[in-house]
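Structure first, commentary second.
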Amino acid sequence: MSNADFTDPADLSTSPTSGDLRTAHAVSPAPVGPPTTHQLALMIWIAVFPTLMVLNLTLAPWLANLGPVLRTFVLATVAVPIVIYGLMPRLHRIRARILTRRAV
């Protein structure tokens with residue numbers, strides 16, 4: 001191997017790359033901790049209630065002939081992925097943005 005295969009650490013300190021850890025660490029805000037029980041309950045309610053309302057109004061004609069257990073199963077099968085993979089990550093990001101804005 002030649003010396004050209006290795007990067008001199010001194011070159012990193014003068015290089016204005018965006019991958020420099022010291023620059024990224026100095027700019028990034030402190031991480032936000034996990035939500036409290038009450039915050040998580042509110043976030044879940046904010047995600048679940050509108051989702052179920054829209055699904056009930058949208059799917060009502062197709063679910064009208066089903067029994068309550070099967071209707072609930074269908075609604076839960078559709079609602080849970082929407083809430084967990086679609087809405088909750090967004091709500092967590094919004095919460096983090098609000099908390100970091102207050103900290104600054």
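The values are calculated or read from the model by the stated rules, or taken from the named source; none is laboratory data. All of these numbers come straight from a predicted model, not from anything done at the bench. As a convention, Cβ positions derive from the backbone with ideal geometry for all residues, glycine included, and neighbour counts pool all protein chains shown. Side chains are part of the model used for accessible areas, which takes the heavy atoms of the whole protein and leaves out ligands, DNA and RNA. Shrake-Rupley method; radii C 1.70, N 1.55, O 1.52, S 1.80 Å.
Among the candidates Ala60, Ala96, which residue alone is out of contact with any helix residue (DSSP H, G or I) (no Cβ under 8 Å at 6 or more places or on another chain) and in contact (Cβ under 8 Å) with a residue 60 or more places away in the chain? After ruling out the rest, the residue left standing is Ala96.
Out of region 84-93, which residues are open to solvent by less than 60 Å² (accessible area, probe 1.4 Å) and free of Cβ contacts under 8 Å to residues at least 24 places away in the same chain? Listed by number, the residues that qualify are Gly86, Pro89.
For region 31-83, the set of residues classified as surrounded by 14 or more Cβ atoms within 10 Å (Cβ to Cβ), among the β-branched types (Val, Ile, Thr) and assigned to a loop (DSSP other than H, G, I, E, B) consists of Val32 only.
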